[in-house]
1. Report yes if some residue within region 84-104 is touching a strand residue (DSSP E or B) at 6+ places or on another chain (Cβ under 9 Å), among the small types (Gly, Ala, Ser) and more than 30 Å from residue 52 (Cβ to Cβ); otherwise report no.
2. For region 100-107, state whether one or more residues are surrounded by fewer than 14 Cβ atoms within 10 Å (Cβ to Cβ) and among the small types (Gly, Ala, Ser).
3. Return the total of residues in region 111-162 being more than 24 Å from residue 101 (Cβ to Cβ) and without any contact (Cβ under 8 Å) to a residue 12 or more places away in the chain.
4. What is the residue count in region 37-94 for residues that are β-branched (Val, Ile, Thr), over 20 Å from residue 168 (Cα atoms) and modelled with pLDDT under 90?
5. Just checking, how many residues over region 143-177 are among the aliphatic types (A, V, I, L, M) and in a loop (DSSP other than H, G, I, E, B)?
6. Hey, among the residues in region 66-82 that are touching a helix residue (DSSP H, G or I) at 6+ places or on another chain (Cβ under 9 Å) and not in a loop (DSSP other than H, G, I, E, B), which one's nearest to residue 153 (Cα to Cα)?
7. Determine, yes or no, whether residue 143 is at pLDDT 90 or above and either surrounded by 13 or more Cβ atoms within 10 Å (Cβ to Cβ) or closer than 17 Å to residue 173 by Cβ (or both).
8. Assess whether residue 107 counts as being closer than 19 Å to residue 173 by Cβ, of a type in the set (Val, Ile, Thr) and touching a Lys or Arg at 6+ places or on another chain (Cβ under 6 Å).
Amino acid sequence: MKVFKYISQLIIVLAFVFMCTEATIPQSTTKTSNNNLNKTLDLHAMAIKYEEIVRNDLYTPLDVYNGDLTGYAADCPLCNGHLGCNGQNVLDKTTTYEDKDYGTVRIVASSRNLACGSIIQFDGNIINEEGMITAIVLDRGVLGTDIDLLVESEEFASKYIGRHLISYNILRFGYHR
């Protein structure tokens, strides 16, 4: 009889413990997840990511223009020594500009086809320079898609640059891409 009473008390205690622990067990959810590595590709998201990578690549051409390349100096007969886009005085024979994205770049004049601050790149071998020249549009006074490269003197411009038909890449339109 004592054994029966002991077993019944044990059953009651175990039932009580089971009921207490049952209340604290979280209910299972019906959510499922797909851990399969062969998930469906979101091609739209991939295209957006690719465009972002291209935008972040500073040297990916946005467009290509053709035009004549000539040279000019700050003290040329029709020049006043100040750049048309930012007013910088270049009578001290300055021919470069420090751009926050592209570093030291050459200065060119363009028509209003290219906004001030546009970055272009062209083959510099035609004017006795090695490799590609990266330049910024900081001056005006040129027609169409022609480019005028700012150089030290008119003598240098006529002797080493002359007039060349070139293709040039647009790397940035204006100061902001």
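The values are calculated or read from the model by the stated rules, or taken from the named source; none is laboratory data. Everything numeric here is computed off the predicted structure, so don't read it as measured data. Note that we place each Cβ from the backbone using ideal geometry, even for glycine, and neighbour counts take in every protein chain shown.
1. As a first pass, look at region 84-104 and keep what is touching a strand residue (DSSP E or B) at 6+ places or on another chain (Cβ under 9 Å): 84-86, 88-91, 93-99, 101-104.
Within this subset, residues satisfying the condition of being among the small types (Gly, Ala, Ser) are 84, 103.
After this cut, where a residue has to be more than 30 Å from residue 52 (Cβ to Cβ) as well, the list is 84.
Yes: region 84-104 contains one or more residues that are touching a strand residue (DSSP E or B) at 6+ places or on another chain (Cβ under 9 Å), among the small types (Gly, Ala, Ser) and more than 30 Å from residue 52 (Cβ to Cβ).
2. In the first step, residues of region 100-107 are kept if they are surrounded by fewer than 14 Cβ atoms within 10 Å (Cβ to Cβ); the result is 100-101, 103-104.
Next cut, among the small types (Gly, Ala, Ser) only: 103.
Yes, the conditions are met somewhere in region 100-107.
3. Residues meeting the conditions: 3.
4. Within region 37-94, the subset β-branched (Val, Ile, Thr) is 40, 48, 53-54, 60, 64, 70, 90, 94.
Checking which are over 20 Å from residue 168 (Cα atoms) leaves us with 40, 48, 53, 90, 94.
Then keep just the ones that are modelled with pLDDT under 90; that gives 40, 48, 53.
Final tally of qualifying residues: 3.
5. In the first step, residues of region 143-177 are kept if they are among the aliphatic types (A, V, I, L, M); the result is 143, 147, 149-151, 157, 161, 165-166, 170-171.
After this cut, where a residue has to be in a loop (DSSP other than H, G, I, E, B) as well, the list is 143.
Of the residues in that region, 1 qualify.
6. So, considering only residues that are touching a helix residue (DSSP H, G or I) at 6+ places or on another chain (Cβ under 9 Å) and not in a loop (DSSP other than H, G, I, E, B), the one nearest to residue 153 (Cα to Cα) is 73.
7. Values: at pLDDT 90 or above: yes; either surrounded by 13 or more Cβ atoms within 10 Å (Cβ to Cβ) or closer than 17 Å to residue 173 by Cβ (or both): no.
No: the conditions fail for residue 143.
8. On the way: closer than 19 Å to residue 173 by Cβ: yes; of a type in the set (Val, Ile, Thr): yes; touching a Lys or Arg at 6+ places or on another chain (Cβ under 6 Å): no.
Judged against the criteria, residue 107 is not a match.
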